[in-house]
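First comes the structure, then the notes that go with it.
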Amino acid sequence: RFENAYSAAPSTLPSHMTMLTGLSPSRHGVTRDLGLPAELPTLPELLKEEGYATLAVVDTCVWLTGRFGFTRGFDLYRRVAEPTQAKAEQALEVLDLVQGTPFFLFFHTYDAHSDMHGLPYHAAPSDRERYAGWYQGDFDGCNEEGVCASEYLWLLNERGDLPAPAERRFIECLYDAGVRTLDRDLALLFDGLRARGLLENSVIAITADHGEEFFEHGKALHASYYAECTTVPLLVRTPDTPEQLGTAAPLVSHVDLLRTFLDYAGGSEPSPSSDFAASAGRSLRPWLEGGTGPERPFMPFDRFGRLLALRAVGPAGDTRRG
């Protein structure tokens with residue numbers, strides 16, 4: 001578990017493209033109007049050259065499509081509207097088609113994301129009761145104008161309004177409940193990998209495209225570069241990972257994922273150019289094997305060709321932002 005892991009951006013589109021290219025948002029240049037340039041390779045393209053079957057099971061969100069370059073290099077790219085459990089079942093079906101072949105699987109789910117209808121975050125009833133059952137107010141996810149869920153939170157952001165303290169805590173607890181539901185639903189995927197003898201010899205990374213804020217700085221959802229929106233979980237398991245969970249504290253980012261996977265796959269990696277060396281990724285393998293590697297002095301956040309924020313880790317391990 002990497003304790004100081006950050007997304008390259010607080011939004012789905014540029015963040016996921018960084019995961020699959022190892023490039024910062026300003027370097028890969030993908031926006032809602034521009035797709036990935038043809039000359040920039042993606043992780044599935046590089047692994048395909050090494051003989052890997054490249055597979056993806058993703059949500060039907062508007063961003064993860066061929067229009068932006070996400071389908072490049074994949075032998076199979078399946079978009080699934082159903083929740084995580086259905087996605088896991090389809091992912092296992094896909095893996096059964098390539099038995100005996102080295103594979104790369106990109107598995108993406110939207111279940112812990114904010115919702116567009118009803119309450120801002122979805123969870124199984126048991127998890128909602130466990131985490132948010134204390135709330136006895138009348139907030140049902142909508143305001144008096146009939147604006148609900150994510151749109152309601154965006155409206156609060158635009159107006160600069162804050163919900164009442166109990167309502168704010170309830171919204172945050174709904175998110176916690178949703179994460180718990182997702183955590184349990186993912187077990188179907190990992191149990192299936194174990195049953196097929198694939199878990200023990202796979203390199204697995206679990207992360208998120210961004211964090212979420214709950215009015216710590218006056219707004220909700222994820223649009224700022226505060227830690228709440230850029231801090232992400234990053235857990236990496238390799239065939240050599242000991243059973244006891246280890247932790248590492250270097251500054252790491254989604255730009256590191258491509259080179260980590262290529263390191264374990266034995267593939268050749270694209271050479272970083274000097275214009276993005278400050279945010280260039282590096283393999284996390286030294287930490288995964290119990291050692292250390294070169295430390296970053298800081299983590300830059302850039303987009304649209306502009307430096308937007310910096311983050312550094314202080315001498316005592318405390319994370320600082322600027």
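See the values below:
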| item | result |
| --- | --- |
| Number of positions in the stretch 213-234 that are touching a Phe, Trp or Tyr at 6+ places or on another chain (Cβ under 6 Å) and either among the aromatic types (F, W, Y) or in a loop (DSSP other than H, G, I, E, B) (or both) | 2 |
| Those residues of the stretch 248-267 which are open to solvent by less than 10 Å² (accessible area, probe 1.4 Å) and of a type in the set (G, A, S), in sequence order | S253 |
| Qualifying residue in the stretch 89-96 (condition: outside any helix (DSSP H, G or I) and not basic (K, R)) | no |
| Tally of residues being surrounded by 13 or more Cβ atoms within 10 Å (Cβ to Cβ) and charged (D, E, K, R) across the stretch 130-183 | 9 |
| Qualifying positions in the stretch 98-135 - touching a strand residue (DSSP E or B) at 6+ places or on another chain (Cβ under 7 Å) and of a type in the set (A, V, I, L, M) | V98, L105 |
| Cβ pairs under 7 Å, 6+ apart, first in the stretch 94-106 and at negative phi, second surrounded by fewer than 19 Cβ atoms within 10 Å (Cβ to Cβ) and of a type in the set (G, A, S) | P102/G51 |
| Criterion (small (G, A, S), modelled with pLDDT under 95 and under 28 Å from the mean Cα position of the chain (by Cα)) met by exactly one of A177, A149, A132, A164 | A149 |
| Hits in the stretch 58-80 - residues which are over 18 Å from L257 (Cβ atoms), assigned to a strand (DSSP E or B) and not hydroxyl-bearing (S, T, Y) | L76, R78, R79 |
| Selection within the stretch 181-212 - outside any helix (DSSP H, G or I) and within 18 Å of the chain's Cα centre (by Cα) | L186, V203, I204, A205, I206, T207, A208, D209, H210, G211, E212 |
| Scan of the stretch 67-77 for residues that are over 13 Å from H108 (Cα atoms) and either open to solvent by less than 40 Å² (accessible area, probe 1.4 Å) or at pLDDT below 95 (or both), ordered by number | F68, G69, G73, F74 |
| Residue in the stretch 1-45 that is surrounded by the fewest Cβ atoms within 10 Å (Cβ to Cβ), counting only those that are outside any strand (DSSP E or B), touching a residue at least 12 places away in the same chain (Cβ under 8 Å) and of a type in the set (D, E, K, R) | R32 |
| Residue in the stretch 116-123 that is without any contact (Cβ under 8 Å) to a residue 40 or more places away in the chain, in contact with a helix residue (DSSP H, G or I) (Cβ under 9 Å, 6 or more places away or on another chain) and closer than 27 Å to T18 by Cβ present | yes |
| Criterion (surrounded by 16 or more Cβ atoms within 10 Å (Cβ to Cβ), at pLDDT 95 or above, touching a helix residue (DSSP H, G or I) at 6+ places or on another chain (Cβ under 7 Å) and closer than 25 Å to R78 by Cβ) met by exactly one of L95, L105 | L105 |
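The values are calculated or read from the model by the stated rules, or taken from the named source; none is laboratory data. Because the structure is predicted, anything quoted here is derived from the model rather than measured. For neighbour counting, all protein chains shown are included, and Cβ atoms are generated from backbone atoms with ideal geometry for every residue, glycine included. For the accessible areas, the whole protein counts, side chains as well, though only heavy atoms, and no ligand, DNA or RNA atoms are used. Shrake-Rupley method; radii C 1.70, N 1.55, O 1.52, S 1.80 Å.
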